[in-house]
Every structure is written in C-alpha cells, then in structure tokens.
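Enquirer: I'd like to ask you about the structure that follows.
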Amino acid sequence: MDTIGAIAADWDSAAALTRNIGDLIGTAAFAISGALLAIRRDFDIVGALTLAAMTACGGGVIRDLIIGETPPTAFVDLRYLTVAVISALVVFVWSPPARLLGRPLDLADALGLGAFCVTGTVTAAEHGLGLASSALLGVVTAVGGGVIRDVLAQRTPSVLRPDQEIYAIPALFGALLTAILIEYGWYGTIVGGCVAAAVFLFRVLALRYRWRAPQARGRRRQ
Amino acid sequence: MDTIGAIAADWDSAAALTRNIGDLIGTAAFAISGALLAIRRDFDIVGALTLAAMTACGGGVIRDLIIGETPPTAFVDLRYLTVAVISALVVFVWSPPARLLGRPLDLADALGLGAFCVTGTVTAAEHGLGLASSALLGVVTAVGGGVIRDVLAQRTPSVLRPDQEIYAIPALFGALLTAILIEYGWYGTIVGGCVAAAVFLFRVLALRYRWRAPQARGRRRQ
Amino acid sequence: MDTIGAIAADWDSAAALTRNIGDLIGTAAFAISGALLAIRRDFDIVGALTLAAMTACGGGVIRDLIIGETPPTAFVDLRYLTVAVISALVVFVWSPPARLLGRPLDLADALGLGAFCVTGTVTAAEHGLGLASSALLGVVTAVGGGVIRDVLAQRTPSVLRPDQEIYAIPALFGALLTAILIEYGWYGTIVGGCVAAAVFLFRVLALRYRWRAPQARGRRRQ
C-alpha cells in the first residue's frame, strides 16, 4: 500500500479543488470591487469591465509570472475572465447608488483578499517553493490585483494608505497560516476555506473597529 | 509534395514578415505618442525618450513575458528600441506647438493600437495559444504600452477614461478578427495590414464622431 | 592547465561576490528611499515596510522576469527582503523630521541606482545577453524599483521628472561602462564597486550642481 502516494494524491486533488473554487470566488470578488470603483469614478461600461478584469486577474497573472507558469492561467483557462466579466456586468447593470459604493467595495475586496492569499500560497507550495516563499507569494497574489486596480484608477493603493485600516496584515496572517498548515500536512479544502473566511473576518473587523497600524513618530493621524 | 508543410512555411514567413513590419510601425507610433505626451508634460529630453521607449516597448514586453518568451524581443533585437528612440527624438527636436499636441497623439496612439492588436494576436497564435487566448493577448499587447505611458505620466489610462471615445473595442475587434482569420487559414501579410488599418480607422472614426460606451445608470456624462 | 576555465571561474566568483554585496547594498538603499517617501506621505508602518520592500526588490524582480529566472531571487533568497524590512524599520523608528526627508531620500536612491546598474548588467551578462542588451537590462534594474516606488506613492517617477536633475544618464553611463568592462574581461569586484561609486557620485554631483537635460523648444523650465 502506497499511503504516502495516496495522501499526496489526496492532497493534490483537495488542494486543486480548493484552489479552483477559491480562485473563482476571489476572481468574482475582485471583479466586483473593480466594477464598483469604476462606477464611483464614472467610467463607462468598457472601462468598468477592463478595470474589473485587470483587478480580478492581475494578482493571479503576477503570481504565475513569478513562478514561471507561462502563459498565466488567466490567459489559458478563460473561465476566470468570464467570471470576472459577468460579475462586473451584473454590478454595472444593477448600478448601485453612490452612498452604497464604499462598503460593498471594501467587502468584495476583503473576500478576494481572503481567497487569494490562500490559493496563492497553495499554488506556490505546489510549485515547490518553501514555507516563507510560498507565504510571500500568497501575499503578493492577494494584494496584487488591488494594487493594479488602485494604480489604474489613480488612487493610493489600499495596502499603503495611511487613512486605511490594516490590509496587508490579514493577508500575511492568512498566507503564513496556510503555508504552515501545508508544511505540516494539515491542509485541505475545508481548512483552506476556513483560513480564507478568517482573513475576510479579520479584515472586516479591522474596518469595523478601525484597527490601524502606527505611523512614524511625531506624525498625526489623517 | 508536402503541401501542408509548404503552406505552413508560407504562413510562417508571411506572418513573421507582417509581424516584423507591423511591430516596427506600432513601435514608432507608440514612441511618438509617448514623446508627445512627454512634451505636453514638459518633460526634458531624457524623460521624453524614456517615456517613449517604455510606451513603444511596454506592450511587447508584457506580451513576451506572458507567453514565456524570455528575454523579451525588445531586449534582444535592439531595432525596436532604436526605432523608438529615433522616432521620439524627431518629435522632440521638431517640438510641435501646444495646440498641435492632442490630435497627433491620438492618431499615433490609434496607429500603434491597430498594428499591435494584429501582431500581438499573431505572435500568440505562433506560440500555440487558442483563438480566444490569442485575441486576448492581442488586446493586452495593443493596450499595454498606452497603459504604461499613462500610468507613468500620471493620467487615467485611455482604455478606462469615461470622457474618452471607445478604445478597447477597436482593439478587441481587430484581435478577434485576426484570430479568426488565422484559425481559418486566411491570414497573410496584406490581410493583416488591412485589419490593422481597419482598427486604426475604427478608432479615428470613434474619435471624430464621439462614439462612446454607456456609463452606469443615473450617472451623467462628464 | 585550463587558464581560460580558471579565469572564467575567477570571473564567476568575483562577479557573484560583487553581485551579492552590490545587490544587498542596493536593496538596503532603495528600501531606505521607500521608507523615507512613505514617512513623507504619512503612511503607517505597514505601508512603509510594503513600499520599502517593493522599491528594494522591484528592480531585481523585473530583471529576473525579463531574463526568465523564475521564481525571481527576491522570492527564493529571503535575505533581500529581510535586509529591506530591517533597513526600512530602522528609518521608520528613527523617524527623521520633515526637513531632513528630501536629501537622504535622494542620496539613498543614488546609492541604489549605482549598485543596481552594475549588478543588473552583470546578471544579464552572466545569462549570456550581449553588451547592449546587458547595459539596457542594467538600466531597467536600476531604474525599476524607483519607478515602482514613485507610481505607488503617486508621484511622477524621478526618471521622467522635468524639475529633476539627470537620473537615467548616470545609470546608463554605469551600465554601459560595466558591460564594456565585462566584454573586455576587465571586470572584477573592485572595478564593479568603483563603477557603482562613480554612478553615485555622478548623480550626487548632478543634484548638487543642478545638471539638467534640455526640454523641448519653446518650453520654459518649471
């Protein structure tokens, strides 16, 4: 009996499954965040779909380029782009009033952050990267799409903004936790989903209770 | 007689020729657009050449990184950079008056858009990507340089701007048409040139007659 | 006696040593420049560390993606990220007063520019790129981190700014000199250090004596 092989295969399929589902959820969530920011900026439908697609697929494309997986999944498996465009289209047609734009944007962004910091770390581990490197790539995957969105829409990236609640910390926490769980062989579909949910909750609580990181000495809050 | 082989070789040389010519035209056009924007922003000559080179080569570098062609052509075949620098230098020395900056910038940009959406799609197809993936990469190649130019010069990318006529639609149309022509074996040097010209015309007509995409409900035009 | 092999091995170890030391110095310098800009922008500690890490590792990641070295060194060898984070942390805790932010930022940036234009060129040459391509990649490595820093912090990149002293010229000078020295077999640890120091000095003198490149005809200085 090849127990190790069976476990490895199990892990593989479990990991691949979580990764696929997680990536699709994260893609939809980031696409929605991109579409909401586009509406807030009064972009037209083409601009909104473009920004949504770049936000949704940007993190994954950066991740794939970094691990040398070319062409990146987003260019080969067009489900991701389809999910992104449909999600953005629904938001655009629904066209929420201005006072509703802020909170859903933050929630969608938090959901994408949670999903991608887990799947990014898993993908990196599948490619043989070590614990710390996998976690680092998980953070880059989670944060990348939002950075692209904010740079294209000309606002300071959420991950840097001083008037913003902590953003990178939940992603780092989720990516490190995922990497450790993989290292010890405790990772699975449900576990991965729980970590993503914890990151989402962490970010939402940070928004709710205004958890912020300290600024440099002698600088006041903005 | 190896007809299929001969056709394939024919297609190869025709495709390679169009690609080379098209890439050089697109490079010169985008370099000019970068130099014009640099002059408008009062950049000095080094800034103008740098912005021109990044605009001209940016889309192709992104394309090559995505299909895993490293180092990207722009870093190996220095004709592209030379063409970009010379084009930008001519514009800089000529130094057009302010009232002439807008229209030539749009025209040069449209020319680059037409050339690159065709050559980007052809390059992707040569690397074995499918129809939809090739068209997608064609759009990214066509739009990429302009996005880099606009982000570096701190203006909202043309592809997203709400006060702008349609930009991504002509590129998507040209890339899809090219991909379909390749799929059915109808692609050739002249056909490719015609598609690029059609995209250029499409974009110029959109500018002339102010064809715009709809914005979200309840948002007025800016 | 295999003289050529011995020389090659010698060159290899000397090059690798300079490259490692130079990369670490450049990483620390760019991290400091990122942290200083973050403090000036009133970013919190997480934003400052993130901006510092992206500035410090950005140029090298772009370089590695372009030469097809995946995953990029910064994701595998975590010394670079560690050096970046520690350097940024020291700056953040020290928290210099506002009037001191400008000059150290320029000096740290100049130091990073000098170190990275040499090591970027050496890395490219080690990967078999030709003289001009290696120099080009050296410039991209040197300039890349600063461009990422400035785009993320929403200011026009130093390499483009018209109100700025020459920036790309020292980098181009250093990269070309390094590439020529490698071509003729005169490159070594000490020589590389001297070139980096010369680039640093060149940039600092440009800042001190306000050496600027010409703007387009009929445009006045800003």
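The values are calculated or read from the model by the stated rules, or taken from the named source; none is laboratory data. This one's a predicted model, so the numbers in the text were calculated from it and none came from an experiment. Methodologically, a virtual Cβ is constructed for each residue, glycine included, from the backbone with ideal geometry; neighbour enumeration extends over all protein chains shown. The area values use the complete protein model at the heavy-atom level, side chains included, leaving out ligands, DNA and RNA. Shrake-Rupley method; radii C 1.70, N 1.55, O 1.52, S 1.80 Å.
Enquirer: Shape of chain B from its Cα gyration tensor (a ≥ b ≥ c, root eigenvalues): rounded if a/c is under 1.5, otherwise prolate when a/b > b/c, or oblate? Numbers along the way, then the final one.
Expert: On the way: a/c = 2.03, a/b = 1.36, b/c = 1.49.
Oblate, since a/c reaches 1.5 and b/c is not below a/b.
Enquirer: Could you tell me the total accessible area buried at the A-B interface, probe 1.4 Å, in square angstrom to the nearest hundred? Before the final figure, lay out the partial values.
Expert: Working: alone 11290 and 11310 Å², together 20200 Å².
Result for this pair: about 2400 Å² buried.
Enquirer: Taking chain C as a Gaussian network, Cα atoms linked when under 10 Å apart, which of C:Thr27, C:Thr73, C:Thr121 shows the biggest mean-square fluctuation?
Expert: Highest fluctuation of the listed residues: C:Thr73.
Enquirer: Quick one: with all protein chains in place, what share of the accessible area of chain A is carbon or sulfur, to the nearest percent (1.4 Å probe)? Please report the intermediate quantities before stating the final value.
Expert: Numbers: 5930 of 8900 Å².
Carbon-and-sulfur percentage of accessible area, whole number: 67.
Enquirer: A follow-up question, please. Where Lys and Arg each count +1 and Asp and Glu each count -1, what net charge lies around B:Trp211 among other residues with Cβ under 12 Å from its Cβ? Walk me through the intermediate numbers first.
Expert: Numbers: positive: B:Arg203, B:Arg208, B:Arg210, B:Arg212; negative: A:Asp44, B:Glu165.
Net local charge, B:Trp211 excluded: +2.
Enquirer: Let me ask you something else. Going through the DSSP H helices of chain A, which span 24 Å or more along their own axis at the Cα atoms while scoring at least -1.0 as a mean Kyte-Doolittle hydropathy? Kindly include the intermediate steps, with their values, before the conclusion.
Expert: Details: long enough: A:3-40 (54 Å, 0.94); A:45-66 (31 Å, 1.54); A:102-126 (36 Å, 0.70); A:131-152 (32 Å, 1.55); A:189-208 (28 Å, 1.87).
Qualifying helices: A:3-40, A:45-66, A:102-126, A:131-152, A:189-208.
Enquirer: Same structure again: At 1.4 Å probe size, with every protein chain present, just tell me what the per residue accessible area of chain A comes to in Å². Write down the numbers at each step before the final one.
Expert: On the way: 8900 Å² over 222 residues.
So chain A comes to 40 Å² accessible per residue, rounded to a whole number.
Enquirer: Okay, next question. Which value in Å is the Kirkwood Rh of the protein assembly as shown over different Cα pairs?
Expert: Values: mean 1/r = 0.0391 Å⁻¹.
After inverting the mean inverse Cα-Cα distance, the result is 25.5 Å.
Enquirer: Now for a different question. Heavy atoms only, probe 1.4 angstrom, no DNA, RNA or ligands counted: give me B:Trp211, B:Trp186, A:Trp94 ranked by accessible area, highest first.
Expert: Largest accessible area first, the residues go B:Trp186, A:Trp94, B:Trp211.
Enquirer: Select from region A:147-172 all residues whose loss of accessible area on going from the chain by itself to the full protein assembly reaches 30 Å² or more (probe 1.4 Å).
Expert: A:Val151, A:Leu152, A:Gln154, A:Thr156, A:Val159, A:Leu160, A:Pro162
Enquirer: Compute the orientation-averaged projected area for region A:132-173 from the convex hull of its Cα atoms and round it to one decimal in nm².
Expert: Details: hull surface 11.7 nm².
Average of the hull's projected areas for region A:132-173 equals 2.9 nm².
Enquirer: Is it possible to state the helix-based mean residue ellipticity at 222 nm for the protein assembly as shown, with each DSSP H run of 4+ residues giving -39500 (n - 2.57), the sum divided by total residues, to the nearest 500 deg cm²/dmol? What is it? Can you show the working numbers first?
Expert: Numbers: 24 runs with 489 residues, N = 666.
Mean residue ellipticity at 222 nm (helix-derived): -25500 deg cm²/dmol.
Enquirer: Counting only C-alpha contacts under 8 Å and six or more residues apart, can you give the relative contact order of chain C as a whole percent?
Expert: Details: 346 pairs, mean separation 53.8, N = 222.
About 24 percent, as a whole number.
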